[in-house]
Amino acid sequence: MVTLSALFAITLAMLIIWRSSDGFEVASGYLGRNLTDGVRGATINAVGSSIPELFTTLFSLMLLGEVDNFAFGIGTTAGSAIFNGMIIPAVAILAVIGYGIAHKVNVSRKVILRDGIGLIIAELILIYMVSGNHLTWVHGLVLMLTYVVYVAYMFGTMKKKEETTAVEEEPEGLEEKSTERKQSVLKALMLLDFEDVFVRKKINTANAWMLLLFSMLVIGLACIVLIHSCELLSEELGIAPYFIAVVLASAATSVPDTILSYRDAVAGQYDDAVANALGSNIFDICFALGFPLFAFTLFNGPIVMTPETVANVAELQASLVILTIVAFLIYYFNNGLKQIHAFLLLALYVAFIGFIFAKAYAYDWAIQVGQTIASWIPSAL
């Protein structure tokens with residue numbers, strides 16, 4: 001009964017995060033409307049859809065009580081990065097082909113190189129910074145600065161829009177709404193349709209900011225429910241919260257990324273669909289993990305992880321890098337992404353989840369595989 005209640009609460013939190021993130025993305029999309037498509041996908045869209053990972057990591061440190069539970073945050077962010085790199089592109093490919101929009105998905109190799117290499121570099125920096133059992137605010141600061149450098153590079157390479165485009169055109173999907181209210185404010189709140197609550201006629205800077213801030217508040221509350229539910233479920237199943245974070249918390253917080261990339265894909269914006277997934281991973285690794293680490297250790301002192309946690313984190317980091325490189329090769333070396341590529345990505349993710357559950361219950365083969373995977377990452381990093 002407790003297990004079912006925890007799963008129900010996790011599902012409810014996931015739905016609230018999804019609906020609230022819709023409002024956040026509408027607001028952030030409007031505020032970043034003058035960015036080029038690829039840059040918007042890798043920055044504004046990626047940040048907007050990754051706010052749940054940031055809040056989950058931050059609140060897990062503040063609420064779970066033990067500094068060793070920073071592993072919950074690492075599990076959520078790294079697990080989300082693996083979910084984004086495998087599940088999201090697979091969903092986008094299958095949706096495009098399934099709806100008959102195209103028989104394959106062509107993504108710019110420039111986008112794959114830019115965001116794929118950027119992601120691998122971010123992951124290697126993560127391994128270097130979080131390689132021991134002693135973490136300080138310096139580690140968090142370096143991770144955050146890595147994301148700042150990435151964003152600066154993105155803006156530096158962004159092609160400027162023509163002034164007429166920036167001034168006269170409204171971003172797609174943000175057209176003026178009907179002056180007639182389709183539903184009451186109370187009904188909109190009950191349906192978690194925050195856009196209809198704050199944008200009654202036409203979106204502007206003022207109501208976009210209100211929509212953004214309110215959506216962040218609701219997402220934060222949902223993340224608190226998610227954390228406590230995952231903790232309860234881990235106690236009921238007799239496994240560490242870290243493993244629940246890698247599988248369930250990461251999937252729950254990745255729903256906004258999945259929906260956003262799905263919408264981009266069926267709209268024919270394939271570059272944005274992939275850039276959002278990869279850009280979200282860079283944000284998750286560098287900022288969603290770096291900022292909570294920086295803030296917590298700055299006020300509470302260093303985090304000291306147990307040897308078991310250090311080993312689990314090392315295995316997860318190694319898995320993340322290996323799966324990212326495999327996904328990068330799948331994205332890059334093809335003449336368009338097809339169903340076979342989607343099924344391959346799904347199979348890799350299922351294998352990863354199977355390994356995580358086997359590791360949670362201490363199967364000998366899983367322990368051996370984990371040690372082998374971790375050994376592939378040079379300690380010199």
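Structural remarks
- Checking LEU211 against (1) modelled with pLDDT of 80 or more; (2) of a type outside the set (D, E, K, R); (3) exposed (fewer than 11 other Cβ atoms within 10 Å of the Cβ), the condition it does not meet: (3)
- Any hit, the range 278-291, residues being buried (at least 23 other Cβ atoms within 10 Å of the Cβ), of a type in the set (Asp, Glu) and either farther than 16 Å from LEU61 by Cα or out of contact with any strand residue (DSSP E or B) (no Cβ under 7 Å at 6 or more places or on another chain) (or both): yes
- Residue check, ILE88 in a helix (DSSP H, G or I) and at pLDDT 75 or above: yes
- Filtering the range 98-111 to residues that are surrounded by fewer than 19 Cβ atoms within 10 Å (Cβ to Cβ) and either touching a Phe, Trp or Tyr at 6+ places or on another chain (Cβ under 7 Å) or not small (Gly, Ala, Ser) (or both) leaves TYR99, ILE101, HIS103, LYS104, ASN106, ARG109, LYS110.
Here's the yes/no breakdown for (1) farther than 30 Å from LYS104 by Cα; (2) outside any helix (DSSP H, G or I); (3) at pLDDT 90 or above; (4) touching a strand residue (DSSP E or B) at 6+ places or on another chain (Cβ under 8 Å):
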| site | (1), (2), (3), (4) |
| --- | --- |
| PHE296 | yes, no, no, yes |
| VAL326 | no, no, yes, no |
| LEU348 | no, no, yes, no |
| ALA362 | yes, yes, no, no |
| VAL369 | yes, no, no, no |
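- Condition broken by ILE325, with the remaining ones in (1) surrounded by fewer than 20 Cβ atoms within 10 Å (Cβ to Cβ); (2) under 19 Å from SER254 (Cα atoms) satisfied: (2)
A quick yes/no check of all residues on (1) surrounded by 21 or more Cβ atoms within 10 Å (Cβ to Cβ); (2) under 20 Å from ALA360 (Cα atoms); (3) modelled with pLDDT of 80 or more:
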site	(1), (2), (3)
GLY173	no, no, no
THR179	no, no, no
LYS182	no, no, no
ALA206	no, no, yes
VAL218	no, no, yes
LEU232	no, yes, yes
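- Apart from one condition, GLU163 fits all of (1) at pLDDT below 80; (2) in contact with a helix residue (DSSP H, G or I) (Cβ under 7 Å, 6 or more places away or on another chain); the exception is (2).
- For GLY370, the stated conditions hold: it is within 24 Å of the chain's Cα centre (by Cα) and touching a residue at least 40 places away in the same chain (Cβ under 8 Å).
- Of the residues examined, GLY85 is not one that is touching a residue at least 40 places away in the same chain (Cβ under 8 Å) and surrounded by fewer than 24 Cβ atoms within 10 Å (Cβ to Cβ).
- When the range 234-289 is filtered for residues that are outside any helix (DSSP H, G or I) and closer than 17 Å to ILE82 by Cα, only LEU289 remains.
- Residues that are over 12 Å from the mean Cα position of the chain (by Cα) and either without any contact (Cβ under 8 Å) to a residue 60 or more places away in the chain or crowded, with 20+ Cβ neighbours inside 10 Å (or both) within the range 252-266 comprise ARG263, ASP264, ALA265, listed in sequence order.
The values are calculated or read from the model by the stated rules, or taken from the named source; none is laboratory data. A quick note: this is a predicted structure, and the numbers were derived from the prediction, not measured. Every residue, glycine among them, receives a Cβ derived from its backbone with ideal geometry; neighbour counts consider all protein chains shown.
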